[in-house]
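**Q** Quick one: the structure is below, questions incoming.
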Amino acid sequence: MEWKAKPIVRRKSWQIKVGNVLVGGDAPISVQSMTCTDTLDVEATLKQIEDLAAAGADIVRVSVPSQQAAECFKTLVEKSSVPLVSDIHFDYRIAISCAQYGAAALRINPGNIGAREKVEAVCRAAEDHGIPIRVGVNSGSLDKDLVQKYGSPCPQAMVEAALRSAEILESHHFKDYAFSVKASELNLCLESYRELAKQTEAPLHLGVTEAGGMLGGTVLSSIGIGMLLSEGIGDTLRVSLAADPVEEVKVGWAILRSLHLRTRGVDITACPTCARRGIDVVGIVAKLEQRLADIRVPLKLAVMGCVVNGPGEAAHADVAVCGGGNGKCLVYEDGKLMGKFAAGEALEIVEKRVRAKAAALTAPQA
C-alpha cells in the first residue's frame, strides 16, 4: 500500500475578493509579492508587475507613498494583468485616492495610519468601491501606546493592534477585511498568527517581515510560513526577501508545493550528488530550472546521479533521468524505463520529454 501524507485541514475563515482572486474560505492559497521599483517610474513598475505575474504571482502589491504616486498607480491598474493592492502608510488620503483609482484592495498599517477617524475614512472609501482592506500589523511599527502597555512588541500587542482596527471597521458594518501580523523574529511572528487565528475568522495573510537576503530569508520564511500552513493557518502569503521579487514568488510556490497545498510548473527532485554520479546533476538542474520556468502545468521531474535511488524516485515522477554508468543515463516516463542514452544528451532529452508531456496535458481533449 502506498503511503500518503495526512491532508492539512485549513482553519475556517470568511472569504474576500481581491480583484478576480478569492482569498479565504476554500479558495486556493494565493501567492503575492510586491514591486520594488519607484512607483513614479510607471514603465519599470509595470514591467516588474508582469514579470511577477509570469512567475506565478496571483496578486501584486505596490507602494503608494504620495498623491503623485497614486496618479501613477491609476495607470498601473489600467494596464496590469493581475490585481494590484495599494500599500499605504501615514497618509490615509492616499488610500482614498487609490480606492477611487481602481485598487483591488487597500493595505493599511494601524501603527502609522493615524487616528480612528482616518481609519473610518479609509473604510468608507473601501465600502464605496467594493474592495477589501488588509490590516497589516508589523512589529517594527506597532502602535506606540501598545509598546508602552506591553513593554515591547509581543503576540498580545500584535493581536490587540489588529483587533482594535477590526473593531473600527465592524462598527461601520464592514467585514471585508483580512489581517497580517508580521515580525522579523520568527517565534514572535508564529505566536502572533496562532493567537490571532484563535480570535478571528478573518482571512490571514502570512509572511515573516524583513526576513533577510536570498538564502537567510528563504530559510526563515519557509520555516515560518510552512509551520503555520501545516497547522492550517493562512489564506494568502508573501515571502519577503532582499532580492529580486520574482524570487519571492518562486519560494512561495515551492512552499505550497512542498506541503501539497497547491502546484504550478515543474517540481524538480534532485540528489545532492556524490562520487557515484553518472551525470552532471548540479549543472543539469540549474539549466532545467531556467529552461522550464515558462511551463505552468504541474509536473514532477527527478534528476538523479546514479541508480541507488534513481529508479525509486523515477517511479513517482512524470519524467526522470539518472546516471547509469559507462557514460550512459537512464530516462523514465511515468515510472517506465524509456531507454539508455549518452549522458551528455541528458539535458536535451529531458527538456524535450517534459515539454512534450506538458503539451499533451494542455492540449484540448477530443
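So that you can scan it fast, the table gives a plain yes or no per residue for (1) in contact (Cβ under 8 Å) with a residue 60 or more places away in the chain; (2) under 24 Å from residue 177 (Cβ atoms); (3) in contact with a helix residue (DSSP H, G or I) (Cβ under 7 Å, 6 or more places away or on another chain); (4) open to solvent by less than 20 Å² (accessible area, probe 1.4 Å):
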position: 24; (1), (2), (3), (4): yes, yes, no, yes
position: 65; (1), (2), (3), (4): no, yes, no, no
position: 69; (1), (2), (3), (4): no, yes, no, yes
position: 73; (1), (2), (3), (4): no, yes, yes, yes
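**Q** Among the candidates 249, 282, single out the residue that is β-branched (Val, Ile, Thr), under 13 Å from the mean Cα position of the chain (by Cα) and part of a helix (DSSP H, G or I). Step through it out loud before you land on a result.
**A** Values: 282 fails: under 13 Å from the mean Cα position of the chain (by Cα).
Result: 249 is the single residue among 249, 282 that is β-branched (Val, Ile, Thr), under 13 Å from the mean Cα position of the chain (by Cα) and part of a helix (DSSP H, G or I).
**Q** While we're here: Just give me the residues in the range 185-202 being among the aliphatic types (A, V, I, L, M) and under 18 Å from the mean Cα position of the chain (by Cα), in sequence order.
**A** Narrowing the range 185-202 to residues among the aliphatic types (A, V, I, L, M): 186, 188, 190, 196-197, 202.
Passing the criteria: 186, 190.
**Q** Restricting the search to the range 228-239, which residues are assigned to a helix (DSSP H, G or I) and either in contact (Cβ under 8 Å) with a residue 60 or more places away in the chain or out of contact with any helix residue (DSSP H, G or I) (no Cβ under 6 Å at 6 or more places or on another chain) (or both)?
**A** To start, the set of residues in the range 228-239 that are assigned to a helix (DSSP H, G or I) comprises 228-230.
Listed by number, the residues that qualify are 229, 230.
**Q** Taking into account only those residues within the range 109-140 that are among the β-branched types (Val, Ile, Thr) and closer than 30 Å to residue 151 by Cβ, which is surrounded by the fewest Cβ atoms within 10 Å (Cβ to Cβ)? Break it down into steps so the answer makes sense when it comes.
**A** Initially, the range 109-140 is screened for residues among the β-branched types (Val, Ile, Thr), giving 113, 119, 122, 131, 133, 135, 137.
Keeping just the survivors that are closer than 30 Å to residue 151 by Cβ gives 113, 119, 122, 133, 135, 137.
On the way: 113: 20, 119: 23, 122: 26, 133: 28, 135: 26, 137: 29.
The selected residue is 113.
**Q** Further, regarding this structure: Within the range 39-104, which helices (runs of 4 or more DSSP H) (wholly inside it) include 2 or more residues that are in contact with a Cys (Cβ under 7 Å, 6 or more places away or on another chain)? Can you show your working first?
**A** Working: elements: 42-55, 67-79, 92-100.
Where helices (runs of 4 or more DSSP H) fall fully within the range 39-104 and carry at least 2 residues being in contact with a Cys (Cβ under 7 Å, 6 or more places away or on another chain), they are 67-79.
**Q** Of all residues in the range 315-342, which are crowded, with 21+ Cβ neighbours inside 10 Å and either of a type in the set (Phe, Trp, Tyr) or assigned to a helix (DSSP H, G or I) (or both)?
**A** Matches in the range 315-342: 332 only.
**Q** Within the range 256-267, does at least one residue satisfy the condition of being in contact (Cβ under 8 Å) with a residue 24 or more places away in the chain, open to solvent by less than 30 Å² (accessible area, probe 1.4 Å) and not in a loop (DSSP other than H, G, I, E, B)?
**A** yes
**Q** Within the range 154-206, how many residues are aliphatic (A, V, I, L, M), over 23 Å from residue 15 (Cβ atoms) and touching a Phe, Trp or Tyr at 6+ places or on another chain (Cβ under 8 Å)? Steps first, answer last, please.
**A** Going through the range 154-206, the residues aliphatic (A, V, I, L, M) turn out to be 157-159, 161-163, 166, 168-169, 178, 181, 183, 186, 188, 190, 196-197, 202, 204, 206.
Narrowing further to those that are over 23 Å from residue 15 (Cβ atoms): 157-158, 161, 183, 186, 188, 190.
Within this subset, residues satisfying the condition of being touching a Phe, Trp or Tyr at 6+ places or on another chain (Cβ under 8 Å) are 157.
Of the residues in the range 154-206, 1 are aliphatic (A, V, I, L, M), over 23 Å from residue 15 (Cβ atoms) and touching a Phe, Trp or Tyr at 6+ places or on another chain (Cβ under 8 Å).
**Q** Residue 106 passes all but one of (1) at pLDDT below 95; (2) open to solvent by less than 30 Å² (accessible area, probe 1.4 Å); which number fails?
**A** The single condition residue 106 does not satisfy is (1).
The values are calculated or read from the model by the stated rules, or taken from the named source; none is laboratory data. Quick caveat, the model's predicted, so the values are computed rather than measured. Glycine gets a Cβ as well: all are built from the backbone with ideal geometry, and neighbour counts include every protein chain shown. Protein only, heavy atoms only, side chains kept; ligands, DNA and RNA dropped before computing areas. Shrake-Rupley method; radii C 1.70, N 1.55, O 1.52, S 1.80 Å.
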